[in-house]
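Colleague: The structure under discussion is supplied below as structure tokens; questions concerning it will follow.
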Amino acid sequence: MKSIASAPAKIILFGEHFVVHGTPAILAAIDKRVTVSSTFTENGTVKINSELGTLEVSISSLYKYKEVKSEFRPFVYLTNKMIDSNQNVKGLEITINSDIPIGVGLGSSSACCVATTASISGLFKELSSEEILKMSIEAEKTIFPDTSGADCTVCTYGGMIEYPSVEKIDNTFDLNLLIVNSMIPHNTKNSVEKVNKFKENDEERFSQLCDLETKLIDEVITAMKNNDATTFGLKMSENQKYLEEIQVSNDTLRDMISSLNEISLGSKITGAGDGGCVIALVKDENMDKVPALLPKDKECFSAKIDTKGVVWKIEK
Ligand code: MEV
């Protein structure tokens, strides 16, 4: 028996970083996925195969998940948790296949946590989306204790949401969202810690920025209701100013954003920043101008919104 689950990548359209401090954020799941399959074995171990390598841990030492290398830790945590309450398990093999680029702000780690939770639990007892989300956030916290939970939430439910709500936003205009990968890997935990320091040094300004972000998100929701792509784009650029102020941008990202601004309604960092990806709202007729605007080493692609979120099935 094989339990197969897949979960989508995500982009943050508005509100990254501030969401860690309690403001809302607008996120969307996109059409890149990670697929995880799990099967029982008789080996007395849990074996995890991913593009980052293979790890095999004996069932009796799963509880030491904190000692495992960070790229495997959430999966060992999840197997420990689920095997613990299912005493007869003699072994598991988990295989992770992903078309989500790693460490560039597209939610690869959250999508892996969500899909792995759904895949392993499928072998034992089907969980509700709510239960999958809760467990995948716990797993992600083993490597990133400060996570807001927003990324796992949109990977679980799919669509576009105004976090913390999981209700899907009906966007009335077609968003032509371009994603450009700066090819600079980043570390979300480090960027979030840097923002925590900014907050400690200037509580008053940080609180003003949180208020501005909340107001901006309200305006974006209204713009979407009014089918107003121009305002949506302007708000992206305004949000970028707040991200510049909390210092999660750099020269490479700024150059990419200013080039994209020539042919887009707005552009900004998506995710933690300090590298990773930027997104731009590009008019259809300008799409073919994009490659000439960007340095050759940057990867770009159009994102479609994924409406399904996590899905799972059992193969006998
Ligand atoms: C990372 O994709 C988004 C951050 O806001 C962190 C979080 O929400 O946990 C930077």
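The values are calculated or read from the model by the stated rules, or taken from the named source; none is laboratory data. Treat the numbers as computed from the prediction; the structure is a model and nothing was measured. All Cβ positions, glycine included, derive from the backbone under ideal geometry; neighbour counts span all protein chains shown. Surface areas here come from the heavy atoms of the whole protein model, side chains and all, with no ligands, DNA or RNA. Shrake-Rupley method; radii C 1.70, N 1.55, O 1.52, S 1.80 Å.
Colleague: Excluding ligands, DNA and RNA, what is the solvent-accessible area per residue of the stretch 40-165 at a probe of 1.4 Å, expressed in Å²? Mind showing how you got there, number by number?
Modeller: Working: 5350 Å² over 126 residues.
Here the per-residue accessible area is 42 Å².
Colleague: How high is the relative contact order of the stretch 188-310, in percent, with contacts defined as C-alpha pairs under 8 Å that are six or more residues apart?
Modeller: Across the stretch 188-310, relative contact order equals 21 percent.
Colleague: Could you work out the relative contact order of the chain? I mean the mean sequence separation of Cα pairs under 8 Å and 6+ apart, divided by the number of residues, in percent.
Modeller: Value for the chain: 27 percent.
Colleague: Moving on. Report the accessible area of D251, computed with a 1.4 Å probe over the heavy atoms of all protein chains in place, in Å² rounded to the nearest 10.
Modeller: Its accessible surface works out to 100 Å², give or take rounding.
Colleague: Starting from the Cα gyration tensor of the chain, take the square roots of the eigenvalues, sort them a ≥ b ≥ c, and report rounded, prolate or oblate (rounded when a/c is under 1.5, otherwise prolate if a/b is larger than b/c, else oblate). Don't skip to the end; give the middle numbers.
Modeller: Values: a/c = 1.93, a/b = 1.76, b/c = 1.10.
Because a/c hits 1.5 or more and a/b exceeds b/c, the chain counts as prolate.
Colleague: Now for a different question. Would the stretch 174-263 count as rounded, prolate or oblate if I go by the C-alpha gyration tensor, calling it rounded below 1.5 in a/c and otherwise prolate when a/b exceeds b/c, oblate otherwise?
Modeller: Oblate shape, in that a/c is at least 1.5 and b/c is the bigger or equal ratio.
Colleague: Further question on the same structure: Provide Rg and Dmax in Å for the stretch 189-313, with only Cα atoms included in the calculation.
Modeller: 16.1, 49
Colleague: Which net charge results when you count Lys and Arg as +1 and Asp and Glu as -1 among the other residues whose beta-carbon is under 12 Å from that of I263?
Modeller: Taking every other residue near I263 into account, the sum is -2.
Colleague: Separation between the D255 and T222 pseudo-spin-labels, each 7 Å from Cα along Cα→Cβ, expressed in nm?
Modeller: 3.8 nm
Colleague: Oh, and also: Starting from the 7 Å offset along Cα-to-Cβ, what nm value, one decimal, do you get for the label separation of F124 and K141?
Modeller: Each label point is offset 7 Å from its Cα along the Cβ direction, giving 1.8 nm.
Colleague: Sticking with this one: Expressed as a whole number of Å, what is the distance separating the alpha-carbon centroids of the stretch 119-182 and the stretch 285-316?
Modeller: If we compute the Cα centre of each part, the gap is 18 Å.
Colleague: Sort S258, S60, S267 by accessible area with a 1.4 Å probe, largest first.
Modeller: S60, S258, S267
Colleague: A follow-up question, please. Report in % the part of the accessible area of the chain that belongs to carbon and sulfur, leaving out ligands and nucleic acids; probe 1.4 Å. Write out the running numbers ahead of the final one.
Modeller: On the way: 6580 of 13930 Å².
About 47 percent, which is the carbon plus sulfur part of the accessible surface.
Colleague: In nanometres, what is the gap between the two model label sites at S207 and M183, each 7 Å from Cα along Cα-to-Cβ?
Modeller: 4.5 nm
Colleague: With every protein chain left in place, what is the accessible area per residue of the stretch 189-316 in square angstrom, probe 1.4 Å?
Modeller: Numbers: 6560 Å² over 128 residues.
Spelled out: the 1.4 Å probe surface of the stretch 189-316, per residue, equals 51 Å².
Colleague: Give the residue list of chymotrypsin sites (Phe, Trp or Tyr not before Pro) in the stretch 79-183 that are DSSP loop and have at most 11 other beta-carbon atoms within 10 angstrom. It would help to have the intermediate numbers written out before the result.
Modeller: Numbers: sites: F124, Y157, F173; in loops: F173.
Answer in residue order: no site qualifies.
Colleague: Report the GluC sites (Glu not before Pro) located in the stretch 249-305 that are in a DSSP loop and have at most 13 other Cβ atoms inside 10 Å of their Cβ, or state none.
Modeller: E262
Colleague: Okay, moving on. Can you give the calculated 222 nm mean residue ellipticity of the chain, where each DSSP H run of n ≥ 4 adds -39,500 (n - 2.57) and the sum is split over every residue, rounded to the nearest 500 deg cm²/dmol?
Modeller: -12000 deg cm²/dmol
Colleague: Please list the helices of the chain that count as membrane-span-like by this rule: a mean Kyte-Doolittle hydropathy of at least 0.5 together with Cα atoms stretching 24 Å or more along the helix axis, each helix being a complete DSSP H run.
Modeller: 108-124
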